[in-house]
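Down below is the structure, laid out as structure tokens.
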Amino acid sequence: MIPLITQTPRLQILAASRALLTAELHKPHYFPMLLGAALPTDWPPGQYDRPAQEYFLAQLTAGGRDAAGWYGWYALRKADDTAPRTLVGAGGFMGPPDAGGTAEIGYSIAADWRGQGLGTELVAGLVQQAADTGLVRRLTARTTSDNPAAQQVLLRNGFAPAGTADDGQLRFERAVEPAPLLAPPAGA
């Protein structure tokens, strides 16, 4: 099983669970309580829409424990003097890596939180998560040609343009270096 929480300087990135997705879809008044976070007024953001939520829930249900961490992730901005802990975005993987070690990521940031570098930080956290699994060797992502901000987020995270995907979106990719294994403590 892969780690289901990762941290960046301003974000805690939490893997979606069946319980969280079920609450998000069917009991939205419980969803922020389960997350322990405030919700932005425009939730859900961008392409993280109901069909995406349903897809992630179906994949987690079908895949059981082995699917955990390979689908949706929530980006929670850590509380500070200006705002409480707040759900600011969603992202994740479109599934486990293929036999060659390639996985696709996607992300969306709530409109109220855009332009603050949180998308860049979320993608950096997902890249680190991919490296930490030791299973991913290449990441891909897609975005539309009319979304230069999303393109810049990917470029800032080491992705390079890689042509056009079958759906007409711009395709980006980058290599992933596996995280180094920690040496056991001396005397262990």
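The values are calculated or read from the model by the stated rules, or taken from the named source; none is laboratory data. Everything numeric in this text was worked out from a predicted model, so none of it was measured. Glycine also receives a Cβ, built like all others from the backbone with ideal geometry; neighbour counts cover every protein chain displayed. Just so you know, the surface numbers come from the protein's heavy atoms only, side chains and all, with ligands and any DNA or RNA stripped out. Shrake-Rupley method; radii C 1.70, N 1.55, O 1.52, S 1.80 Å.
The residues of region 5-148 expose on average 46 square angstrom of accessible surface per residue, using a 1.4 Å probe on protein heavy atoms. Here the chain is assigned +1 on the Cβ of each Lys and Arg and -1 on the Cβ of each Asp and Glu. Its dipole about the Cα centre then comes out at about 280 debye.
Each Lys and Arg contributes +1 and each Asp and Glu -1, all at the Cβ; summed about the Cα centre of region 1-112, the dipole is approximately 300 debye. Note on Ser145: accessible area is roughly 90 Å² with a 1.4 Å probe, heavy atoms of protein only. For the chain, the 222 nm mean residue ellipticity estimated from helices alone, with every DSSP H stretch of n ≥ 4 adding -39500 (n - 2.57) and the total spread over all residues, rounds to -8500 deg cm²/dmol.
Sequentially through region 81-96, phi angles give Karplus couplings (6.51, -1.76, 1.60; θ = phi - 60°) of 5, 9, 7, x, 3, 9, 6, 10, x, 9, x, x, 9, 8, x, x Hz, Gly and Pro residues having no value and appearing as x. Which of the listed residues, Ala150, Ala131, Ala175, is farthest toward the dipole's positive end in the chain, when Lys, Arg count +1 and Asp, Glu count -1 at the beta-carbon? Checked the options; the winner is Ala131. From the coordinates of this entry, Rg and Dmax of the Cα atoms in Å is computed, and it appears in (i) 37.9, 144; (ii) 15.6, 48; (iii) 16.4, 56 under the label (iii). 3J(HN,Hα) along region 64-70, derived from phi through the Karplus expression 6.51 cos²θ - 1.76 cosθ + 1.60 where θ = phi - 60°, amounts to x, 4, 5, 7, 4, x, 9 Hz, with x in place of Gly and Pro.
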